[in-house]
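Take a look at the structure set out below.
Nothing in this text is a laboratory measurement; each read-out follows from the coordinates by a stated rule. None of the values given here were measured: they were computed from a predicted structure. Backbone-built Cβ (ideal geometry, glycine too); neighbour counts: all protein chains shown.
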Amino acid sequence: MSGAASNLLQLWYIPSSKLFLRSSKLHKGLFLESGKEVSPSMCFCRKLQTTTYEVVKGSYVPIARTKPETAKEEKIPVKLETVGAFQRLPMVKPSVDILYSALRKAKKISPTKGIVNIAKREKNRGARQLDALMKELGIPLREYMENFPNKKYLHPYERSLIELTLGDGNYEEVLGRVNALKKKVVSVGKEHASLCAKSTTKREAEERLSEGMKKLEAIFKLEAKAVDDLLNIAKTLRAVPVVDLETPTLCLVGAPNVGKSSLVRILSTGKPEVCNYPFTTRGILMGHITVNYQRFQVTDTPGLLRRCDDDRNNLEKLTLAVLSHLPTAVLYVHDLTGECGTSPSNQYIIYKEVRERFSNHLWVDVVSKSDLFQKSPVHKITEDGDEETLEMARYRKAGPEGAILVSVKTEAGLDEVGNYTCFYMCNSLFKF
């Protein structure tokens, strides 16, 4: 064995009997007992080889290694709510009920048992009651904020319903006011509970308790309208019919007062209001048809007038939202008698616009009030004098090509309409 190797082994081997290490209670670290022999030592640290080499012209050359590409973290898409979010809204209590229930419960809070000193007991009672009042007012508000959905995560159909039913921005504005009230109640409640806990006398604790109670009550009453507005929003949205996206939907569309609601009453379980004035339908009305043990949806929608989208009212926009966001087949209803208040010429223009916009929908055309139309097809028609094209003349005579003539009074054509709709539904011809 060479001298270098022998020295290396001597340095490596250190007899354990020659070195004693002890912990000192007086000094930090380690010390050696006196009189003991210490040999030089060498510490080796073994590392794993992490470099790869290749032979280049008889020499080892390290290969530059690039860090493995880490898979990019995929952003988890936010899952949109399915329809039906409005039916899951929490029950909102009237503001007056929340306030007086909170006051009643807070005043029942007693001081912690075992406190003998009168001043300490009174300040403990005051702080506990103010804390209880703050929680009884703030917890319902917090629950409302947590359980009312964020509009941007809703299904596009229900998002449209919020905007068109409540007005653009009103939903967020009311929730913002409720949230601001919650923060103010918590802030003021903590402040006055802390002041009461720091009282030095019984009288001071009583005064601060009374002051804190009045302050919290005044703040809540001042902003209580936000809670009542949220209550009205919950009632309005909860009354919206639930639409199942997995169930095919037959949507009745047409000008106001052409007879859509009457057809819904006959074809389905829906019972919409039927009156002889425009915009009878003030929202989406839902009915159902059961065919071969399968259930299908039928919706009645507000009527459409001849005007551009910017001039449409919220009821008309609601109809367009249904057609845009729900998997629907369209049952378009025409009234060529002129009694509905919209001339056949204007109905034709509305029809062509809607048909082109929603060309991907399955389509059934129905001419209503056929009993009146067949008796006097011309003299009740009021036109604006524009030159009629061949297509317009054909439309005035019998509606669009292939339209079914129906009459609610004589029940003519109703079976045919029912057969058409059942055929579409049972053969799964809806385009989702």
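Data overview
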| read-out | value |
| --- | --- |
| For residue 109, net neighbour charge (Lys/Arg +1, Asp/Glu -1) across residues whose Cβ lies under 9 Å away | +4 |
| Cα pair count fraction exceeding 19 Å, expressed as % - region 186-257 | 64 |
| Cβ-based net charge around residue 368, under 11 Å, with every Lys or Arg adding one and every Asp or Glu removing one | -1 |
| Net +/- balance of residues flanking residue 217 in space, Cβ distance below 13 Å, scoring K and R +1, D and E -1 | +3 |
| Span from the region 106-172 Cα centroid across to the region 289-353 one, whole angstrom | 43 |
| Residues 299, 247, 112 arranged by fewest to most Cβ contacts within 10 Å | 112, 247, 299 |
| Protection proxy ranking, peptides 149-156, 95-102, 313-320, average beta carbon neighbours within 10 Å, highest first | 313-320, 95-102, 149-156 |
| Value of Rg/Rh across region 87-238 [Cα atoms, Kirkwood radius] | 1.12 |
